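Participant: Here's a structure for you.
Derivation of every value follows stated rules applied to the coordinates shown; laboratory data play no part. Computed from a predicted structure; not experimentally measured. Neighbour counts are summed over all protein chains in view; Cβ atoms, including those assigned to glycine, are modelled from backbone coordinates with ideal geometry.
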Amino acid sequence: MKPCGIITLLTDFGLEDGYVGIVKGVILGINPSARIVDISHLIPHGSILDAALVLQEAWHFFPEGTVHLAIVDPGVGTSPGDLWHWRPATIASWAPITVFSALSSINTPRQK
């Protein structure tokens, strides 16, 4: 599957500080032509299940090749999770217990 240039961002960062902007700056520093779409930054802090539920509702509305980046940390300073590949979208996770393992346990993804 070829990336389509869209990157979605789902975090538990909130909107009170500059962390969302910093993540976007890092992404654009790597790929200035990336199109970044915010899914939510109001996930309750550390709630992997809430993030999985929001992503479950949203991911299938994006074109094939979209990269979904979820950053939800149940404990600040914990080690990062794995990069997951999940058809029909590429999904990345930054959490010791990944959002996508929680999502996988809820149910299987819907096909387009």
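Participant: How many residues does segment 2-14 contain that are assigned to a loop (DSSP other than H, G, I, E, B) and surrounded by 11 or more Cβ atoms within 10 Å (Cβ to Cβ)?
Facilitator: Residues in segment 2-14 being assigned to a loop (DSSP other than H, G, I, E, B) and surrounded by 11 or more Cβ atoms within 10 Å (Cβ to Cβ): 6 in total.
Participant: Every residue in segment 42-62 that is out of contact with any Asp or Glu (no Cβ under 8 Å at 6 or more places or on another chain) and among the polar types (S, T, N, Q), please.
Facilitator: Gln56
Participant: In segment 6-45, which residues are closer than 16 Å to Trp59 by Cβ and either without any contact (Cβ under 8 Å) to a residue 12 or more places away in the chain or in contact with a Ser or Thr (Cβ under 9 Å, 6 or more places away or on another chain) (or both)? Steps first, answer last, please.
Facilitator: Keep residues of segment 6-45 that are closer than 16 Å to Trp59 by Cβ, which gives 6-11, 35-40, 43.
Within segment 6-45, Ile6, Ile7, Thr8, Leu9, Leu10, Thr11, Ile36, Val37, Asp38, Ile39, Ser40, Ile43 meet the criteria.
Participant: Continuing with the same structure: If I go through segment 26-54 residue by residue, how many of them are part of a helix (DSSP H, G or I) and closer than 21 Å to Gly65 by Cα?
Facilitator: 9
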